[in-house]
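Data block below; observations after.
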Amino acid sequence: SLEALRLYAESLRADAGNVRADMLRQAIAIDPDFAMAHAALGYSSYQAQERARRQQAEAHFVKALSLLDRLSHRERLWISALAEDARGNRDAAVTAYRTYLAEYPDDPAAWFRVGWTYLAGVRKPELAVEAFHRVIALNPSDSAAYINLATAYAGLDKYKEAVEQYQRAFDLNPGARTDVIVNHEYGFVLVRLGDLDGAAAHFSRMLAEK
């Protein structure tokens, strides 16, 4: 269905998670065997903490994986990696993403996902640094990649490099400064660098804007 495909494509560009999920549900309502839409909605729903949402997410992955024989090789690799990631099988997810990237190395979304898995899943910030550099090389306007690269550098105690990446992210997306998690991380990187005045000004700005 071209209409289902349009909704799926638009969901990939949506900023708000609820908007993305709504578009994916509409796509699936039009085309119940749209495996990529099921996988995307499954991944999105797995992020929720509610048990019911996670059960729904698993149902979407079961459906997507049941349709693999209808898909292209690339789609099969991607859905399998996404399923391992969403289910919390981090080592298996890394292996699956790297298998995908060995064949499709120019996919910034895949480099982002494997970078995030290295960073938050298996706690290997040095490998996350490599992955997020690949994202930025492919998509220099991705502010989230700079923020995650900064987080990875901070995890390696490379605070000067972390500040440089945060600043690049803020240049691209000034609103990121007042994201609660980013604000906390950046402020305390400044503390660790000994820039207490800079940290105080940063936290004060957050308080003033909130």
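Numbers for the structure displayed
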item	result
Considering residues of the range 63-107 that are of a type in the set (Ser, Thr, Tyr) and under 21 Å from Asp31 (Cα atoms) only, the residue farthest from the chain's Cα centre (by Cα)	Ser66
Only one of Val114, Val180, Val122, Val163 that is β-branched (Val, Ile, Thr) and crowded, with 22+ Cβ neighbours inside 10 Å	Val114
Only one of Ala109, Ala144, Ala137 that is more than 30 Å from Asp195 (Cβ to Cβ) and open to solvent by 30 Å² or more (accessible area, probe 1.4 Å)	Ala109
Criterion: of a type in the set (A, V, I, L, M, F, W, C) and either at pLDDT below 95 or touching a Ser or Thr at 6+ places or on another chain (Cβ under 8 Å) (or both) - qualifying residue of Ala96, Ala110, Ala137	Ala96
Hey, Ser72 open to solvent by 30 Å² or more (accessible area, probe 1.4 Å), of a type in the set (Ser, Thr, Tyr) and more than 26 Å from Gly121 (Cα to Cα) or not	yes
Any hit, the range 167-179, residues being small (Gly, Ala, Ser) and either free of Cβ contacts under 8 Å to residues at least 24 places away in the same chain or in contact with a strand residue (DSSP E or B) (Cβ under 7 Å, 6 or more places away or on another chain) (or both)	yes
Output for the range 147-157, where each listed residue is open to solvent by 40 Å² or more (accessible area, probe 1.4 Å) and in a helix (DSSP H, G or I)	Gly155
Every pair of residues 6+ apart whose Cβ atoms lie under 7 Å, when the first sits in the range 183-210 and is open to solvent by less than 60 Å² (accessible area, probe 1.4 Å) while the second is of a type in the set (Phe, Trp, Tyr)	Tyr186/Tyr166; Gly187/Phe203; Val189/Tyr159; His202/Tyr186
Cross-chain or 6+ apart pairs with Cβ under 6 Å, the range 1-15 first and part of a helix (DSSP H, G or I), then small (Gly, Ala, Ser)	Ala4/Ala27; Leu7/Ala27; Tyr8/Ala27; Tyr8/Ala37
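The values are calculated or read from the model by the stated rules, or taken from the named source; none is laboratory data. Quick caveat: nothing in here was measured; it's all calculated off a predicted structure. All Cβ positions, glycine included, derive from the backbone under ideal geometry; neighbour counts span all protein chains shown. These area figures cover heavy atoms from the full protein model, side chains too; ligands, DNA and RNA do not enter into them. Shrake-Rupley method; radii C 1.70, N 1.55, O 1.52, S 1.80 Å.
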